[in-house]
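Contents: one structure, followed by commentary.
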Amino acid sequence: MESLFEIEFDRAAPGSRDAGRGLYRQLKDAIEDGRLTVGTKLPASRKGAELFGVSRNTVAEIYDRLLNDGYVTARQGSGTYVAERKPAAPAATRTSAYPLNPVWLAEETVAAMGFWRDAPGAEAGPGLDFRPALIDSRLFPFDIYRRVSAKQLRGLEKKPPSYKSPQGNQGNFHLREAITNHIALTRAVACRPDDVVVTSGAQQAFDLLARILVTPGETMVAVEDPGYPPLRAAFAAAGAFLAPVPVDAEGLVVEAVPAEARIICVTPSHQFPLGVTLSKRRRSALVELARSRGAVIVEDDYDGEFRYDGNPLHSLRAADAADVVFYVGTFSKCMLPSLRLGFVVVPDWARPTLVAAKNCLDWHCSTPLQTGVAAFIAEGHLAHHVRKMRALYRKRRQMLIERLRRDFADRLEPVASAYGMHVAAYARDGRDLEAVAARLAGQGVKIHTLQRYYLGVPGRRGLVFGYGAVDPDEIARGLDLLGKAMVA
């Protein structure tokens, strides 16, 4: 199939002797400056003659010259294509006096939004990835999801969605209904489909909440420390002041939340990255504090489906806290990160504003994607997949903790947790864990230290072990390498 060929050319006057030279120069320039990219098929000689206003013989001569000069390649029976060339020396960088928003130039913002990028050199060796928040996508039922999505797409063919009035669109109703049923059973969140706003992942949810809740230069946001840097970046970019609040064995230290804080961001089920659970005593205290101070709570429940020990612990967003809690969920952990699909359960008083902010940003998420995920949940496939992955992650978690307690008892102390897809471990001595992580990176093992999660002065040192993307034999091999790196 031929590509569109709509490069602007200056035609020579009919019969001009310079027609061939001029056309050659223009084609060469278009290839060199990138308007004709590598692999682009040039028009066949007959079409080229019509397009360029020269004879077929002239077109053939120009193509031969481009071929001899290395600008194109000829494929027998296929045509003439732009060839790959050595990159030209970089042109002088153009600068502008226009001032960019300083928030996005700040080192802390750049670091927070580049949080998941690692230093070069971590790709060598066995390629083990202990970073948290990763999943084992190899085990996702792609065949089932493909079948369910195809069925929904056929339905859209028969009855295309209407775009006459996209304003007010807070997400596909069937997906919002499926979400309410799912989180009611798994997280005890009682809500209606009208309470749900669908977003492009949890990060967009944080960005939208920051847009509607923060008054630039005035609002203070209390964040867990250590905590999730990209969440902090969303609120900082909206003009908020960030107040780090310590975390201990019971979760967020509620009494340490500043009196001026009007937004409190928390991961109560499985604190990120320590993994502790906010105690019942502090849950009640946090909701009461927010209500008494006229503050709101942003609850990030990023991997609450994966529980291993004890009785299920309800989310903060219970019926008696629905007026002060914004509950953020995601399909990145229980399904696939590449879906880029999340949601917010919103108090009634804030829903119209959040929907307006969402519509201002991108109107709504992909309709075919939403209907496919809705059917995947409604037909029970998500529940089945979560049960399967919970059993698999439980085995990996148990193996990891047993090895840490057996082989690293004098060096690392695993932090008790009942949820999630990672385990944190405090250091028992004063060794340089950043240097340990760097040595492991040189051997292809990616692992995070606790230090990279702090907003303020780093507190306790330690390592974070994600087991979502590593098999048991990879866990064993990675821990063997860790043991050697810690004595080097």
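Structure values in brief
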| item | result |
| --- | --- |
| Filtered residue count, the stretch 320-348, keeping only those that are within 19 Å of ALA295 (Cβ to Cβ) and either among the polar types (S, T, N, Q) or outside any strand (DSSP E or B) (or both) | 8 |
| Answer from VAL464, VAL423, VAL436, VAL457 - the residue that is β-branched (Val, Ile, Thr) and either modelled with pLDDT under 95 or at positive phi (or both) | VAL457 |
| Residue check for LYS151: over 30 Å from GLU474 (Cβ atoms), modelled with pLDDT of 85 or more and charged (D, E, K, R) | yes |
| Residue that is outside any helix (DSSP H, G or I), more than 23 Å from the chain's Cα centre (by Cα) and not aliphatic (A, V, I, L, M), where the choices are ARG281, ARG351, ARG317, ARG291 | ARG317 |
| Exclusive hit being acidic (Asp, Glu) and free of Cβ contacts under 8 Å to residues at least 12 places away in the same chain, set GLU402, GLU299 | GLU402 |
| Odd one out for VAL373 among (1) out of contact with any Lys or Arg (no Cβ under 7 Å at 6 or more places or on another chain); (2) over 30 Å from GLU157 (Cα atoms) | (2) |
| Set ALA374, ALA391: member being in the same structural domain as SER332 (by TED's automatic domain parsing) and either touching a Ser or Thr at 6+ places or on another chain (Cβ under 8 Å) or in a helix (DSSP H, G or I) (or both) | ALA374 |
| Total residues in the stretch 449-466, condition touching a residue at least 60 places away in the same chain (Cβ under 8 Å), touching an Asp or Glu at 6+ places or on another chain (Cβ under 9 Å) and crowded, with 22+ Cβ neighbours inside 10 Å | 2 |
| Sole exception among (1) in contact with a strand residue (DSSP E or B) (Cβ under 9 Å, 6 or more places away or on another chain); (2) at positive phi for PHE241, by number | (2) |
| Test result for TYR453, in contact with a Pro (Cβ under 6 Å, 6 or more places away or on another chain) and not small (Gly, Ala, Ser) | yes |
| Matching residues in the stretch 259-283 - criterion: being hydroxyl-bearing (Ser, Thr, Tyr) and free of Cβ contacts under 8 Å to residues at least 60 places away in the same chain | THR267, SER279 |
| Pairs with Cβ under 8 Å, 6+ apart, first in the stretch 16-43 and in the same structural domain as ARG75 (by TED's automatic domain parsing) and under 20 Å from ARG85 (Cβ atoms), second polar (S, T, N, Q) and part of a helix (DSSP H, G or I) | LEU23/THR58 |
| Hits in the stretch 60-74 - residues which are without any contact (Cβ under 8 Å) to a residue 24 or more places away in the chain and touching a Leu at 6+ places or on another chain (Cβ under 8 Å) | TYR63, THR73, ALA74 |
| Selected residue (only one of ARG65, ARG46 is assigned to a helix (DSSP H, G or I), exposed (fewer than 11 other Cβ atoms within 10 Å of the Cβ), at pLDDT 85 or above and not assigned by TED's automatic domain parsing to the domain that holds ILE447) | ARG46 |
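The values are calculated or read from the model by the stated rules, or taken from the named source; none is laboratory data. This one's a predicted model, so the numbers in the text were calculated from it and none came from an experiment. Positions of Cβ are backbone-derived with ideal geometry, glycine not excepted, and every protein chain shown enters the neighbour counts.
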